Every structure is written in C-alpha cells, then in structure tokens.
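The values are calculated or read from the model by the stated rules, or taken from the named source; none is laboratory data. Just so we're clear, the structure is a prediction, and the values are computed from it rather than from any experiment. Here the Cβ positions follow ideal geometry from the backbone for every residue, glycine too, while neighbour counts run over all protein chains shown. Please note that ligands, DNA and RNA were not included when accessible areas were found on the heavy atoms of the full protein model with its side chains. Shrake-Rupley method; radii C 1.70, N 1.55, O 1.52, S 1.80 Å.
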Amino acid sequence: MTGTQVILLGGGGHAQSLLAVLPEAGGRVIGYVDQAPTGLDAPYLGTDAAVLASGLAATAGCCVAVGLDVPLRRTLHERFRAAGFSFPAFAHPRAFVAATARLAAGTVLYPGVFLGTGVVLEENVHVCAGSVIEHGARLGAHTYVAPMAAVAGNVRLGPACLVGISATIRDGLSVAEATTVGAAALLAHSVSEPGGVYVGVPARRREAQGRLGGPGETHAR
C-alpha cells in the first residue's frame, strides 16, 4: 500500500472521518495517538510523550484528528511540529481547488469542498464535507470549518476560529481570532473582539456554553 505515512493526533470522532478520507487523498494512516486506546480501527501508537520520543518523525507525518476543540487542535499541531514532525496537506479528489488557491501544511479538504480563486488556508485548517470557501477568502491557522458551511468572498478569519455546521459568513467580513460561528448561524457583520460565540440569524454574540458546530467528539483528551 502506497501513500504518505501519517499519524492521527487524536482517536475520536474526527479521527474516524479522517480514516475514511485520507487514504483517498494520498495518505496512509499508520496509527493514532491519544491518552489511551479509544477503539479506533487503527493501531494505537501510545501517548503524546511516547510518540514524541519514538523517532517516528523521520518516517511519518502527522494530521491533527481533533475537530471542534480548536484550542487542542492548535496545541497538538504546535507540540508535534516543534518536535520535528511534518504536517502534509491533503485534498480529497472530489474537492475542487482553484489553481490559485493555496494550502499550507496540515490542511485537509474533505469530499465536496469548493475552494475559489485566490483562497488561502493557513496551517492546520480543516474544511469538512460540502463546505464552500469563496474567492479571496483567507482562513487563519488551526481554523475548523464543519460540514456544509459557506464562507463568502474576501472574508478574513483570524487564527483558531470554528465555523459550525451549515453556518454562513457574508462577503468581505473580518473575524477576530478564536471566534465561534454556531451551527446554521448567519454572520453578517465583522467581529473585532476575539473569542466570541455568535449564534442565530442574524448571528449575535452570546456567552460560550460548550462547543458549537456539531455533535460532541469522543476523543479521550
């Protein structure tokens, strides 16, 4: 079996999806990392500490297999990158990627994704099935876009944002770091204060009450 060898950083729900997507995008999953075995249908390689000390960085890359917990996505990416692990980018063959779009290390595109002209995805951005990122948009590092979301043209998302299932962000907006746009919300104004949670149509800020954007994951972290 050929393909880029990759270790999943996490063993929960998002990891299950990646097990299906990565082999069709040129990846070969050799195992996963978590605090304990989770029952994922892949070899358990051990804890973070065990794998960081294993020497696998010489032969395998990593893919962050955590979705909605964006702070953890960032932590895992930075921890393993600092130890010398690479983070290949993967685009499923049924994703459309415009010739002028740019994908940084660690990005993953699921089936049915559309990336328009001039789109930039920074490090460790995952865009899930059926989502649309239109022309000129830029998504900051570690951002997670859940299925069927729409990010309109020339939007600027700061690092570590979460865009929920079926959420929409209108064209030309700037959105601060660590903003959450909840499931099915319509964000129609720019956001300058980081860390806010926006829900509803039109979206309004509310206090965070757990993660928004889809079903909870089962990873043991």
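What are the residues whose amide H is under 5 Å from the amide H of Gln5, where those residues sit 5 or more places off or on another chain and H is modelled from the backbone?
Arg28, Gly61
What FRET efficiency would be calculated for the residue pair Phe96, Arg28, taking the C-beta separation as r and a Förster radius of 22 Å, to the nearest 0.05?
Values: r = 24 Å, r/R0 = 1.09.
Calculated value: 0.35.
Karplus couplings for segment 186-198 from phi (6.51 cos²θ - 1.76 cosθ + 1.60, θ = phi - 60°), rounded to Hz, Gly and Pro as x?
Per-residue couplings from phi come out as 10, 8, 10, 9, 5, 10, 9, 9, x, x, x, 10, 10 Hz.
Compare the peptides 30-37, 12-19 by average per-residue count of other Cβ atoms within 10 angstrom and give them in order, highest first. Can you show the working numbers first?
Numbers: 30-37: 18.4, 12-19: 22.1.
Descending mean neighbour count gives 12-19, 30-37.
Is the shape of segment 104-201 best called rounded, prolate or oblate, per the rule: a/c under 1.5 gives rounded, else a/b larger than b/c gives prolate, else oblate, with a ≥ b ≥ c the square roots of the Cα gyration tensor eigenvalues?
Values: a/c = 1.38, a/b = 1.24, b/c = 1.11.
In terms of gyration-tensor shape, rounded.
Once amide H atoms are placed 1.01 Å from N in the peptide plane, what residues at a sequence separation of 5 or more from Ser190, or on another chain, have their amide H within under 5 Å of its amide H?
Amide H neighbours of Ser190, under 5 Å, 5+ apart: Ser174.
Under unit Cβ charges (Lys, Arg +1; Asp, Glu -1), what dipole magnitude, rounded to 20 debye, does segment 29-143 have relative to its Cα centre?
On the way: 7 positive and 8 negative charges, 48 e Å.
For segment 29-143, the charge dipole is close to 220 debye.
What are the residues whose amide H is under 5 Å from the amide H of Ala65, where those residues sit 5 or more places off or on another chain and H is modelled from the backbone?
Leu9, Gly10
Please give the calculated 222 nm ellipticity per residue for the chain, where each DSSP H segment of at least 4 residues contributes -39500 (n - 2.57) and the sum is spread over every residue; nearest 500 deg cm²/dmol? Let's see the in-between values first.
Values: 3 runs with 27 residues, N = 221.
For the chain, the value works out to -3500 deg cm²/dmol.
Solvent-accessible area per residue for segment 1-82 at a 1.4 Å probe radius, Å²?
Details: 3340 Å² over 82 residues.
With all protein chains present, segment 1-82 gives 41 Å² per residue.
Given a 10 angstrom Cα cut-off, can you work out which residue in Val29, Val201, Val132 is the most mobile in a GNM of the chain?
Val201
Classify segment 4-62: rounded, prolate or oblate, from the alpha-carbon gyration tensor (a ≥ b ≥ c, eigenvalue square roots; a/c under 1.5 rounded; otherwise prolate if a/b is larger than b/c)?
Values: a/c = 2.49, a/b = 1.15, b/c = 2.16.
Verdict is oblate for segment 4-62.
What FRET efficiency do you get for Thr117 and Glu193 if R0 is 35 Å and r is their Cβ-Cβ distance, rounded to the nearest 0.05?
Working: r = 30 Å, r/R0 = 0.87.
After rounding to 0.05, the efficiency reads 0.70.
With a Förster radius of 25 Å, plug the Cβ-Cβ distance of Ala50 and Ala20 into 1/(1 + (r/R0)^6) and report the FRET value to the nearest 0.05. Spell out each step's value before the answer.
Details: r = 26 Å, r/R0 = 1.04.
The calculated FRET efficiency here is 0.45.
Each residue of segment 164-170 in turn: what ³J(HN,Hα) in whole Hz from Karplus with 6.51, -1.76, 1.60 and θ = phi - 60°, glycine and Pro shown as x?
So the Karplus estimates, Gly and Pro as x, are x, 4, 6, 6, 10, 10, 5 Hz.
Ordered by residue, what ³J(HN,Hα) values in Hz, to whole numbers, does segment 11-16 give under the Karplus form 6.51 cos²θ - 1.76 cosθ + 1.60, where θ = phi - 60° and Gly and Pro are x?
Once θ is set to phi - 60°, the couplings for segment 11-16 become x, x, x, 5, 4, 4 Hz.
Would you mind classifying the chain by shape? Square roots of the alpha carbon gyration tensor eigenvalues, ordered a ≥ b ≥ c; an a/c under 1.5 is rounded, otherwise it is prolate if a/b is larger than b/c and oblate if not. Display every interim value, and only then the final one.
Details: a/c = 1.94, a/b = 1.51, b/c = 1.29.
Cα axes put the chain in the prolate bin.
Please report, as a whole percent, how much of the solvent-accessible surface of the chain comes from carbon and sulfur atoms (probe radius 1.4 Å).
Numbers: 4830 of 9000 Å².
Carbon and sulfur together cover 54 percent of it.
Rank Gly55, Ala101, Met148 by how far each Cα sits towards the positive end of the charge dipole of segment 46-196 (+1 on Lys, Arg Cβ; -1 on Asp, Glu Cβ) and give me just the farthest.
My answer, from the dipole projection, is Ala101.
So, in nm, how far is label Ala83 from label Ala36 when the simple model puts each one 7 Å beyond its Cα toward the Cβ?
Distance between the two pseudo-spin positions: 2.0 nm.
Just to be sure I understand: of the beta bridges DSSP finds with both ends in the chain, what percent are antiparallel, rounded to 5? Could the numbers behind the result be given before it?
Working: 3 of 46 bridges.
That works out to approximately 5 percent antiparallel.
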